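I have placed the structure first, in the form of structure tokens, so that the comments after it can refer back to it.
Where a number appears in this text, it was derived from the coordinates with a stated rule and is not lab data. All figures in this text were calculated on a predicted structure; none of them were measured in a lab. Here Cβ is always computed from backbone atoms with ideal geometry, including for glycine, and neighbour counts include all displayed protein chains.
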Amino acid sequence: MSSRDTILAAVRANLPKPRDLPEVPRFESDRPASLAAAFCEALQRMGGRVLEAGSPSDPLAPVRAELRNSRLVCSATPEIEGARDLAKVVDPNTLADVDHAVVRASFGVAETGSVLLADQDLKVNALAYLAQHLIVLLDPGAIVHNLHAAYARPELRERAYSAFHSLRNRGYRRRVGPGRPGRAIAVCPPGPKDRRSDGRSLTAYGLKSRLKGRVLR
């Protein structure tokens, strides 16, 4: 038996016994009466915008109005049609000229006014960072109280990529993948000569998801 085999055998023979992880409290004592109202307030406090609800007969009218004068719309949601097919994007850099990106968030966090965008939501992860303006569709039933509840959500464990977004952190991302700890990655903002160095926006619009399993119970 080689030295390596001897060492590995000793390690295997002395592995600690498995035990359950401690239960982490959710800190729900200060839960607001309306998660949707608390989310909107926090989002606006961070510089984001909230679109007023449309009529039941045409709920997407406010979103289309926002996009009316857009130079280039790229949509990752079936509710809004974009001018570029994300399924055909090979080089993410080609999204650098996107004026408005429309995406649907996995869920929102009332405490921070942020939304979680995962790889399945974005189709191309760079879309959330290269687009000048983000319009985020958010199911009002998919809003959690705080970050303690957010980190208990399965998206942070099951998705290959996920990131919390708010207007103030569109130059910062937290990437989380299965089988690996989350890593905070600083992203340098564009230089002063880039038109995208200012005027960026994040706008949320409450719209119930048509997909099952997206609404929190």
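Put a dot 7 Å past the Cα of Met46, heading toward its Cβ, do the same for Arg68, and the two dots end up 2.9 nm apart.
Calculate, in nm to one decimal, what Asp58 and Arg26 gain on full extension: separation in residues at 0.36 nm each, minus their alpha carbon distance. All intermediate terms of the calculation are to be shown ahead of the outcome.
On the way: separation 32, 0.36 × 32 = 11.52 nm, distance 3.77 nm.
Result: 7.8 nm gained on full extension.
List the equivalent ellipsoid semi-axes of the range 65-113 in whole Å, largest first, each obtained as the square root of 5λ for an eigenvalue λ of the Cα gyration tensor. Before the final figure, lay out each step's value.
Values: eigenvalues 93, 43, 25 Å².
Three semi-axes, in Å: 22, 15, 11.
Determine the sum of side-chain charges near Arg84: Lys and Arg each +1, Asp and Glu each -1, restricted to other residues whose C-beta is under 14 angstrom from that of Arg84. Show your work: numbers first, answer last.
Values: positive: Arg71, Lys88, Lys123; negative: Glu81, Asp85, Asp91, Asp97, Asp99.
Result for the local shell: -2.
At full extension, Glu81 and Met1 could sit 22.4 nm farther apart than now, given 0.36 nm per residue minus the alpha carbon distance.
Extending 7 Å from Cα along the Cβ direction at Leu15 and again at Ala33 yields two label points whose distance is 5.4 nm.
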